[in-house]
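Derivation of every value follows stated rules applied to the coordinates shown; laboratory data play no part. Just so it is clear, the model here is predicted, and its values are computed rather than measured. Positions of Cβ are generated from backbone atoms using ideal geometry, with glycine treated the same way; all protein chains shown enter the neighbour counts.
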Amino acid sequence: MHTTLVNAGTLAAHLTDPQWLIVDCRFDLTQPAAGEAAYDAGHIPGAVYAHLDRDLSSPITATTGRHPLPDPEHFAQTLSRWGVSADTQVIAYDADNGMYASRLWWLLRWVGHRAVAVLDGGFKAWTAAGHPVSTEIPARQPTRFRAQPNRELWLDAEQVQARVQQPDWRLLDARAPERFLGKVEPLDKVAGHVPGAHNHPFSTNLSSEGRFSAPEDLRRRYEQSQAGVADDHTIAMCGSGVTACHLLLAMEVAGKPGARLYAGSWSEWITDPRRSVATTD
């Protein structure tokens, strides 16, 4: 069973394995149709497509962030349509850095499916290795996936607010430093960060080649950001609960399981004007 990362060679060796499901998660926050268009133009053979807004999120409401968690039963229906069963090994990939694939990785863990991993380096690594690309849409046998969501894996805004100022909790924000500090904000109506949060950009999880850094390097960086706080008292957030999953995956790769997701993240936090906003580190 693969539960964190796989490389292109490992995936290629299982390309025709009926117990393996490949899911293309390519997406662009500024062009929501771009990922599916890229899939149609060419994808890893046998891969199905997961749209971030349609398949991996619920509709936005006035009090949610930009990518609310999907309803567990609706998500289970999606997984059933893709042919996921209890013994299916799921491999998620996106264009390159794992930003969107990590969302599917976390969602599957949330609903009780641990046999899920991310293709390290994504579609870029796959094509760079000379592996085949297809435009064929696969026909998979539907299943009846039963979701068993674990509410302990994520926190809401009220839970985060109650913990963020406590010294034995640590809130890590995966956004780029300029967004964390409120210097730029390309996606949300308010700039800044949750008071008490610490910036840990998801890009620091990656090597110069765009792949996940070695476990020991990841561990060192997270230990610095956590400053002695336990893994199960560490919370990951970002703009909308997507990139934060990249932090949670990296911590698993580093041998530091147990951190939790602030599912609504910054875009949910700012829906209530009574919640404070900070713009200094």
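Mind checking which of Trp126, Leu69, Ala95 is farthest towards the positive end of region 5-149's charge dipole, using Cβ charges of +1 (Lys, Arg) and -1 (Asp, Glu) about the Cα centre?
Value computed over the given set: Leu69.
Report, by chain and number, residues whose modeled amide H sits under 5 Å from the one on Gly196, excluding near sequence neighbours (fewer than 5 apart, same chain).
For Gly196, whose amide H was placed from the backbone, there are no distant partners under 5 Å.
For region 5-149, I need the span (max minus min coordinate) of the C-alpha atoms along each principal axis, in Å, sorted largest to smallest.
Cα spread of region 5-149 along its principal axes, largest to smallest: 45, 35, 25 Å.
Work out, in µm²/s and without decimals, the Stokes-Einstein translational diffusion coefficient of region 152-269 at 25 °C, 0.890 mPa s, Rh from Kirkwood over C-alpha pairs. Write out the running numbers ahead of the final one.
Values: Rh = 14.0 Å.
It comes out at roughly 175 µm²/s.
Enumerate the aspartates and glutamates that Lys183 could reach by cross-link, defined here as Cα to Cα under 18 Å, with residues fewer than 8 away along the same chain left out.
Within reach: Asp173, Asp281.
Taking the Cα centre of the chain as origin and charging only Cβ (+1 Lys, Arg; -1 Asp, Glu), how large is the dipole, in debye to the nearest 20? Spell out each step's value before the answer.
On the way: 26 positive and 32 negative charges, 57 e Å.
Here the chain has a charge dipole of around 280 debye.
Just report the Cα centroid separation between region 215-241 and region 135-160, whole Å.
Rounded to whole Å, the Cα centres lie 23 Å apart.
Need one number: % antiparallel among DSSP beta bridges in the chain, to the nearest 5.
Counting DSSP beta bridges with both partners in the chain, the antiparallel share is about 10 percent.
Obtain the nm distance between the two label points defined at Asp217 and Ala278 by a simple spin-label model: each point lies 7 Å from its Cα along the Cα-to-C-beta direction.
Here the modelled spin labels are 2.9 nm apart.
List the equivalent ellipsoid semi-axes of the chain in whole Å, largest first, each obtained as the square root of 5λ for an eigenvalue λ of the Cα gyration tensor.
Working: eigenvalues 183, 79, 65 Å².
Largest first, the chain gives 30, 20, 18 Å.
Once R0 is set to 45 Å, what does the formula 1/(1 + (r/R0)^6) return for the Cβ-Cβ distance between Thr63 and Thr16, expressed as a FRET efficiency to the nearest 0.05?
The calculated FRET efficiency here is 0.50.
What length, rounded to one decimal in nm, is gained on full extension from Ser134 through to Ser80, with 0.36 nm per residue of separation minus their alpha-carbon distance?
Details: separation 54, 0.36 × 54 = 19.44 nm, distance 2.30 nm.
Net length gain for the segment: 17.1 nm.
Simple spin-label model, 7 Å along Cα-to-Cβ: Lys183 to Asp53 in nm?
3.0 nm
So what's the net charge close to Asp120: Lys and Arg +1, Asp and Glu -1, counting the other residues with Cβ under 15 Å from its Cβ? Don't skip to the end; give the middle numbers.
Values: positive: Lys124, Arg211; negative: Asp94, Asp96, Glu209, Asp217, Glu252.
Every neighbour counted, the sum reads -3.
Obtain the nm distance between the two label points defined at Gln165 and Ala41 by a simple spin-label model: each point lies 7 Å from its Cα along the Cα-to-C-beta direction.
5.0 nm
What are the ³J(HN,Hα) values, in whole Hz, obtained from phi via the Karplus relation 6.51 cos²θ - 1.76 cosθ + 1.60 with θ = phi - 60°, for each residue of region 146-155 in sequence order, with x given for Gly and Pro?
10, 6, 10, x, 9, 5, 6, 7, 9, 10
Given H placed 1.01 Å from N in the peptide plane, which residues other than close sequence neighbours of Leu155 have an amide H under 5 Å from its amide H?
The answer is Leu261, Tyr262, Ala263.
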